[in-house]
Every structure is written in C-alpha cells, then in structure tokens.
Amino acid sequence: MKTRDALFDGRLTVLQKSGGYRFSVDAILLAGLTRVRPRDRVADLGTGCGVVLLLMAYRRQGRLLTGIELQADLAFLARENVQINGFEDRIRILEADFRHLNGSGHLAAGSVDLVVSNPPYRRVHSGRINPEDEKAVARHELEGSVGDVIAAASYLLPAKGRLAIVYPASRLDHLIVEVRSRGFSPKELTVVFSNRADQGRLVHLQCLKGGGEELKINPPFFIYREPGVYTEAMEALYKS
C-alpha cells in the first residue's frame with residue numbers, strides 16, 4: 001500500500017510505501033540547505049522515492065536532475081512521483097548501482113555539476129539491522145557506504161564540481177577523512193540540532209572537488225523550537 005503525502009501546502013505530492021523505506025528529515029535538509037545553481041546538472045545518489053529532486057524541481061533549482069536508485073521498487077515509485085507532479089522534463093530516474101557507474105553507459109565522467117546524497121550511515125555490525133530490506137539498504141552500509149558515494153561523485157564531477165551530503169554528526173570525523181582522501185575539500189558545514197537543548201545530530205557538508213582548505217562554519221540549524229513545533233527555518237524548507 002502507498003500513502004500520499006503533501007508538501008508546500010499540498011502543491012507537491014509524494015507517494016510512499018506505507019511500509020518499507022520512507023523519507024525522513026534528512027532528505028528535507030539535503031534539498032533545503034544545499035546551494036543549487038539555476039544551470040546545475042544534479043545527481044542524487046540513492047534517490048529513494050525521489051523526494052530530494054522533487055523539492056529541487058518544485059523550487060526551479062537546476063536544469064537537469066537525475067536520481068540513481070538501486071532498488072527496483074523505489075526507482076519505480078520515484079518515476080511515479082516525477083510523473084504525478086509533472087516534472088518529466090526536469091527529472092529522470094535511473095535504476096542503477098552508483099558504485100558501478102563507470103562504463104555502465106548511464107552517466108559519463110564529469111557530466112554533472114552537483115552530486116547530493118544521504119548515504120547509508122550505519123556500519124553493518126553496529127546495532128540491529130532492519131528486517132525490511134528497503135530500510136536496511138537505505139540505512140546500513142549493505143549496498144554502499146559514504147566512501148562509495150564519494151567515489152561515485154568523483155567520477156561524475158569535473159574539477160571544481162560540488163558534493164553535498166547529510167550525515168550523522170557523530171561520524172563527522174569519518175566523513176571528513178573520506179572526502180579528503182578522494183580529492184574533495186570541505187567548504188561549508190552546517191550542524192543540525194533537534195532543539196536548542198540538544199546536541200548536534202546531523203551535519204550538512206558541502207565540498208568542492210580539488211578545492212582549497214578554507215571551510216565556512218554556518219550558524220547552527222534548529223529543527224524544533226518546542227516539542228512538535230518546527231522552527232521558522234525548518235518550516236521554510238517544507239513550505240517555501
């Protein structure tokens with residue numbers, strides 16, 4: 001069964017499975033905090049139901065948006081979402097393994113300007129693996145890790161191409177090591193907090209392929225101003 005969820009006061013519709021993997025706040029943050037230029041060619045690695053690209057298309061960001069999804073059911077669902085929202089001219093969905101793009105014929109080397117991703121972030125042997133396959137693949141490093149995402153981004157991006165990732169704050173050191181080891185320079189960091197009394201939960205990191213050392217640290221981003229009530233900044237990512 002599917003649910004029909006509405007964003008932007010009903011102007012954007014997102015179909016999701018009632019069970020299986022469903023998008024989370026990570027996707028909203030990735031789409032909302034990433035700087036997207038009007039002429040950007042964007043690739044979303046592990047696009048799921050396509051929500052990140054749907055949000056970008058709704059905001060008229062980028063000129064060609066490509067979602068890459070390994071799981072057939074999710075790729076089919078993403079195509080449904082593209083169609084029902086009328087974005088066929090802006091978004092294409094590829095059913096493919098982003099770890100094996102080189103030589104696959106799907107996307108050429110250096111063919112995009114910006115890569116975005118919410119990578120799987122849980123190590124295979126850290127905690128209980130979700131019994132539902134879609135959730136397990138999306139959250140655990142079963143079919144790809146953050147290192148695989150960055151390697152794919154390195155293939156897809158030309159020199160000075162940009163990479164944006166949302167990742168757990170507790171693994172920021174690992175993320176920094178991975179991006180630098182593959183020739184990317186961290187350029188802009190936002191730490192995301194649930195509320196002002198909480199510790200940082202997520203980071204949004206924007207990187208440049210072959211860039212210099214300077215890193216901009218943005219003001220903290222808070223999701224809730226009180227339990228169950230979004231901050232104005234968070235509401236803006238859903239409604240404008």
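Mean residue ellipticity at 222 nm, helices only, the chain: -8000 deg cm²/dmol; runs of at least 4 DSSP H residues each add -39,500 (n - 2.57), and the sum is divided by the number of residues.
In terms of solvent-accessible area of protein heavy atoms at a 1.4 angstrom probe, what is the ranking of Tyr238, Tyr121, highest value first? Could the numbers behind the result be given before it?
Details: Tyr238 45, Tyr121 65 Å².
I get Tyr121, Tyr238, largest accessible area first.
Rank by packing, highest mean first: peptides 220-227, 80-87, 28-35, with packing defined as the count of other Cβ atoms within 10 Å averaged across residues.
Peptide ranking by packing, descending: 28-35, 80-87, 220-227.
Just how many pairs of Lys in the chain have C-alpha atoms closer than 21 Å, counting pairs that are eight or more places apart or on different chains?
8
About the centre of its Cα atoms, the chain shows a dipole size close to 480 debye [charges on the beta carbon of Lys, Arg (+1) and Asp, Glu (-1) only; nearest 20 debye]. Over segment 25-117, Cα pairs under 8 Å with separation of 6+ residues give a relative contact order of 34 percent.
The values are calculated or read from the model by the stated rules, or taken from the named source; none is laboratory data. Because the structure is a prediction, the values reported are computed rather than measured. Please note: Cβ atoms are built from the backbone with ideal geometry, for glycine as well, and neighbour counts cover all protein chains shown. What goes into the accessible areas is simple: the full protein's heavy atoms, side chains included, and nothing from ligands, DNA or RNA. Shrake-Rupley method; radii C 1.70, N 1.55, O 1.52, S 1.80 Å.
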